[in-house]
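Quick notes on the structure that follows.
The values are calculated or read from the model by the stated rules, or taken from the named source; none is laboratory data. Just so it is clear, the model here is predicted, and its values are computed rather than measured. With ideal geometry, Cβ positions are generated from the backbone for all residues, glycine too; neighbour counts draw on all protein chains shown.
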Amino acid sequence: MDAIAIISIFTLAVFVGFEVVSKVSSTLHTPLMSGANAIHGVILVGAIIVADHSKTNLELGLSLAAIILATINMVGGFVVTDRMLEMFKPKKTGGEK
Amino acid sequence: MSTNLYSLIGLAAGVAFILALKGLSHPKTARRGNLIGAAGATVATLSVFLYVTPPRDGSAAHSLPLNHLWLILGAIAVGLIVGVPAARKVEMTQMPQLVALFNGVGGGAAALVAIVEYLHLGKDATTAEVIFTVFTVIVGCVSFSGSIITFMKLQELMTTRPVVFPGGRFVIAGTLVAVLGTAVWVVNALGTTPLLVLAALALLFGVLFVLPVGGADVPIVISLLNAFTGLTVAASGYVLSSTLLIIAGTLVGASGTILTRLMAEAMGRSLFGTLFGAFTAKPQEASGSAEERPVRSGSADDVAILLNYARRVVIVPGFGLAVAQAQHTVRELADLMISKGIDVAYGIHPVAGRMPGHMNVLLAEANVPYDQLAEMDEVNPTFGQTDVAIVIGANDVVNPAAQTTPGCPIYGMPILEVNHAANIIFLKRSMRPGFAGIENELLYDPKTMLLFGDAKASLTKVVSALKAL
């Protein structure tokens, strides 16, 4: 990919990243950290690509390990964030979880 | 699937991540935001199975399905089997260390991807590609080993105090120089051995970097390592020509940096002070006589009487509440007081517990409406009109030493000024100091009453005593 395009994407993403979380209340710091943590689990996509490209058993083994770790990061991250957020309710809803 | 379609799906997933972070910034939209993020990640993952990325050497992409398809699916299944139950079963108390662990494995995955990618890099690889790959290996390894250490600290598998050894800062500086030196070697020599040496040194650096960080500062480090992992993902995106990875990684890197700064601000210290404070902190003053100093301890009945005649009560929860799983009992007490016409608020310190917002999560679990939760700036001016402040398993976040004792490790951290309330009740397990390991003068204050025991058991007794009045 062309370097200028990449630098443009990177720069704009930095600003978006700063902007979207600049005014978050401390109430949501933990779920936000956890959610952002789940998002970088998309390295799974990269792990699958390198597994597909693997030519030796060493490469394949390392890629598969990366896939396992990335899946844990991504899926575990989203599930745990959802569990935290499930409990945020604006008013008493009466029913226990 | 065409290259354009694949790229557009990647872009859509990137947009989903932006919406996810945006949604996560507001309580009303947070859950939906997280689900949008999960949907984006799922779609992106599925799209990789329908499009073969051309290999780096310029040869044509093979046709579908992917090579090693079943092994790849098997590895994902293993990840699901490990990750989902861990995420579903974890107690709210242990949430911070699980997030640290997830972040660590993400960093490890990024480092492994970079190592494999490095093995693929041919002679025609550009210097930029090599540098980005090396960057990912270094930062991914630091994030991995650093997160494992934070996990061990939070899980109390090792001491929570800063670990400082003689000449520590020189060892750390030396390791950093060695990491950078090896990186230059790898970029020039392009061998497998230099890369492995580099990975080992980076892992060591991650350990050394986190060891001196103590107690209450650990969450800030988790957030920082989270941002690091984001950056490694962005760098992998460059090497793998994946717009999606660049967008997602950069978003996490940028938002993680802001979040880290917000957390550090909440603790009233610079990021530099958080990371390297242990080396410059003066040794604590001896407090050997502390055990023998008189404290006023009371019974559940004494506490109930005090509460019964109060007009305004502020509840200050801390990690002890989480340990005792007392969030439901504390809500019961608050509801009972409200039904008696007492004005009740929860005073939430941003870093109470082991993670910013930890208390909010915990109280939300007990269905405490979040409009009863008051943030520090909101609740501090009201302590002057507060009859009783109940501190449940918190210590450092109400320690006036942060305002009065220059040189103590938490000096400068904003605190909940419960010392301005007319009466203070501490629910504590013992006289042991808090996570930061500092003596709290407030415990010896004449207007303080201590109720010793497990927070949940104590609260249950207070609730029944208050009902009987």
* **Those residues of the range B:118-133 which are in a helix (DSSP H, G or I) and out of contact with any Leu (no Cβ under 7 Å at 6 or more places or on another chain), in sequence order** => B:L119, B:H120, B:T127, B:A128, B:I131, B:F132
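Considering only the range B:61-111, state which residues are of a type in the set (A, V, I, L, M, F, W, C) and not in a helix (DSSP H, G or I). Before you say what the answer is, go through the steps one by one.
Initially, the range B:61-111 is screened for residues of a type in the set (A, V, I, L, M, F, W, C), giving B:61, B:64, B:66, B:69-73, B:75-78, B:80-82, B:84, B:86-87, B:90, B:92, B:95, B:98-102, B:105, B:109-111.
Once the filter is applied, which keeps residues that are of a type in the set (A, V, I, L, M, F, W, C) and not in a helix (DSSP H, G or I), the range B:61-111 yields B:A61, B:L64, B:L66, B:V90.
Please enumerate the residues belonging to the range B:412-427 that are over 19 Å from B:V218 (Cα atoms) and assigned to a loop (DSSP other than H, G, I, E, B).
Scanning the range B:412-427 gives B:L416, B:E417, B:A421, B:A422.
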* Asked: Within the range B:76-84, is there a residue that is surrounded by fewer than 24 Cβ atoms within 10 Å (Cβ to Cβ) and more than 30 Å from A:K55 (Cβ to Cβ)?
  -> yes
* To do: Determine which single condition B:E91 fails, assuming it passes every other condition in (1) closer than 30 Å to B:L321 by Cα; (2) buried (at least 19 other Cβ atoms within 10 Å of the Cβ); (3) touching a residue at least 24 places away in the same chain (Cβ under 8 Å).
  => (2)
* Asked: Within the range B:154-162, can one find any residue that is crowded, with 21+ Cβ neighbours inside 10 Å, away from chain A (no Cβ under 11 Å) and under 20 Å from B:F228 (Cα atoms)?
  -> yes
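Being in a helix (DSSP H, G or I) and more than 10 Å from chain A (Cβ to nearest Cβ) is the requirement here; does B:G181 meet it?
yes
Is it the case that the range B:55-66 has a residue that's buried (at least 21 other Cβ atoms within 10 Å of the Cβ) and either within 19 Å of B:L244 (Cβ to Cβ) or β-branched (V, I, T) (or both)?
So far as the range B:55-66 goes, yes, one or more of its residues are buried (at least 21 other Cβ atoms within 10 Å of the Cβ) and either within 19 Å of B:L244 (Cβ to Cβ) or β-branched (V, I, T) (or both).
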* Just wondering, is there one or more residues in the range B:18-37 that are closer than 30 Å to B:L119 by Cα, over 22 Å from the mean Cα position of the chain (by Cα) and part of a helix (DSSP H, G or I)? -> no
* To do: Determine which member of the set A:L28, A:L44 is in a helix (DSSP H, G or I), at the interface with another protein chain (Cβ under 7 Å from one of its Cβ atoms), under 29 Å from B:E365 (Cα atoms) and among the hydrophobic types (A, V, I, L, M, F, W, C).
  => A:L28
* Asked: Can you name the residue in the range B:11-38 that is in contact (Cβ under 8 Å) with a residue 24 or more places away in the chain and surrounded by fewer than 22 Cβ atoms within 10 Å (Cβ to Cβ) and, of all such residues, is nearest to the other protein chains (Cβ to nearest Cβ)?
  -> B:P27
* Taking the range A:11-22, which residues are at the interface with chain B (Cβ under 7 Å from one of its Cβ atoms) and farther than 24 Å from B:T42 by Cα? -> A:F18, A:S22
* To do: Go over the candidates B:A75, B:A110 one by one and state the one that is over 23 Å from the mean Cα position of the chain (by Cα), facing chain A (nearest Cβ under 7 Å) and more than 23 Å from A:L28 (Cβ to Cβ).
  => B:A75
* Inter-residue pairs, beta-carbon under 6 Å, first within 12 Å of another protein chain (Cβ to nearest Cβ) and in the range B:208-231, second part of a loop (DSSP other than H, G, I, E, B), 6+ apart -> B:P219/B:M355; B:P219/B:P356; B:V221/B:V213
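Take the conditions closer than 30 Å to B:A86 by Cβ, in contact with a Phe, Trp or Tyr (Cβ under 6 Å, 6 or more places away or on another chain) and surrounded by 15 or more Cβ atoms within 10 Å (Cβ to Cβ) and apply them to B:A100. Does it pass? Steps first, answer last, please.
Values: closer than 30 Å to B:A86 by Cβ: yes; in contact with a Phe, Trp or Tyr (Cβ under 6 Å, 6 or more places away or on another chain): yes; surrounded by 15 or more Cβ atoms within 10 Å (Cβ to Cβ): yes.
Yes; evaluated as a whole, the condition is true for this residue.
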* To do: Might you let me know whether the range A:35-53 holds any residue that is more than 23 Å from B:T42 (Cα to Cα) and free of Cβ contacts under 8 Å to residues at least 12 places away in the same chain?
  => no
* Does at least one position in the range B:429-447 carry a residue that is of a type in the set (D, E, K, R), touching a Gly at 6+ places or on another chain (Cβ under 7 Å) and either outside any helix (DSSP H, G or I) or at pLDDT 85 or above (or both)? -> yes
* Take A:I4 and decide whether it is more than 7 Å from every other protein chain (Cβ to nearest Cβ), of a type in the set (A, V, I, L, M, F, W, C) and either closer than 21 Å to B:I258 by Cβ or out of contact with any strand residue (DSSP E or B) (no Cβ under 8 Å at 6 or more places or on another chain) (or both). => yes
